[in-house]
Structure formats: C-alpha cells, structure tokens
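The values are calculated or read from the model by the stated rules, or taken from the named source; none is laboratory data. Remember, it's a predicted structure, so these values are computed and weren't measured experimentally. Cβ coordinates were reconstructed from backbone atoms using ideal geometry, including for glycine residues, and neighbour counts include every protein chain displayed.
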Amino acid sequence: MASRRAVVNLVHAPTPSARIAAPARIQAAAQLSLRRFHHHAQFKRVRVPQQSSTFCTSQTSPPLRKSNAARQLAPTRRAYSADAEGKPPKIWDFEAVQKVTNSPNRSTVIIDVREPHELEQTGRIPGALNIPVTSAPDSFHIPADEFEDRFGYPRPPPDAEVVFYCRSGVRSRAAAGLAKEAGWTNVGEYPGSWLDWSERGGKVER
C-alpha cells in the first residue's frame, strides 16, 4: 500500500521543467516585447528620414496654430495697453499745438510730462502743466484732492481734452496710455514734443 502511494505521488509530483515553465514564458514574452519596442524605435529613427519629402510632410504634425481665443486675446491686450477704449490717442503736430497756445479761450490742456529740473533748463510750452510721468506715474490714478495736494493745482477733469508732450515723444506716449487707462477719454500726444517745438521756434514760457 505504501509503495502504491509512493508511485502515485511520483506520477503527480511537478517536474523541474514544469516549475520553471511559467517564469520562462513570462521572461520570453518580456524579451519579445523589448525586441519589438527597439525595432519600432529603430524604424522611426531610420525609416522616416529616408522617405520622400511628400511622405514626410504628410506624416509630420502640422504647425501649431493659435486658437480663436488666443488670437482674440492678444490684440485685445495690446489695444488695452495702448488705449483703454480701443481708440488710439489723437496725434498733434506743431501747428495744432501752436494754435492752442495762441487761443485766448482754450479748453485743451497741454501737459508737460518731463521732470521739473528739465523745465528749469529749457522752459515749457506756454500754459502747459507739469505732471512728470517718471517720478509720478500714478498722477491720473490717485484721488483728485491728493493730486492737488501734490502739485498745487487741480487735475484736468476726465472729460477734458489733454495733450501730452515730453522731450522726444517717448514719455508722452506712456503718459497718454496711463491717462486712458485711468478713464480720460479725450487724450492726445505731441510726438515731436519739446525737440520739435524748440527747433521750429515755438514760444517758450519760463
């Protein structure tokens, strides 16, 4: 009886080859997958450049394009930084500014945005207010009473026509943009600014 049980156990006992069969199949499958991966990667690296230009063009991804939202956002931000209302500041020339200075009942306010020491050296366009944009860039954003305390005169109202100038037209453009962002709607700039005014013989107030 004991010998019969031994024979049965011997028949049903797993052989060494059966015990390692499953791990061997897994390892073989993994190696096959790795070979396929490397083959695929090598195909992509080698075969694609050998195709014709037409084939490569059709297989490559098209260039990225901005979405409609992105195309709409960029112009909007640029327009806002230059003009809060979407309307560029009015451009003034020498003759237009000179006409304002010669008008006895003028309503247009000319604003010199240079620093005070610059005005001491050169003078200013007659009747111009000095509101320096470099040292006081918040002049059109602060309360009206704080503005008057700072400069000693009232600030032009938001509906007044204002014309900015500086030395060469760079700071005047920045000041015009700041005024527009603060709510001033009738804003202009004199691109020629002081250099053009003095070169063309404009009157000087000291």
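Taking the listed residues V187, V170, the one that is β-branched (V, I, T), under 23 Å from the mean Cα position of the chain (by Cα), modelled with pLDDT of 95 or more and farther than 13 Å from A128 by Cβ is V170, with no other qualifying.
Of all the listed residues (E161, E189, E205, E181), the sole one being charged (D, E, K, R), in contact (Cβ under 8 Å) with a residue 24 or more places away in the chain and surrounded by 20 or more Cβ atoms within 10 Å (Cβ to Cβ) is E189.
Tell me which residues, restricted to region 187-204, are touching a Ser or Thr at 6+ places or on another chain (Cβ under 9 Å) and of a type outside the set (A, V, I, L, M).
Within region 187-204, G188, E189, Y190, P191, G192, S193, W194, D196, S198, G202, K203 qualify.
Would you say D159 is among the acidic types (D, E) and under 31 Å from the mean Cα position of the chain (by Cα)? Here the answer is yes, as D159 does meet what is asked. Tallying residues that are at pLDDT 95 or above and assigned to a loop (DSSP other than H, G, I, E, B) within region 94-147 yields 22.
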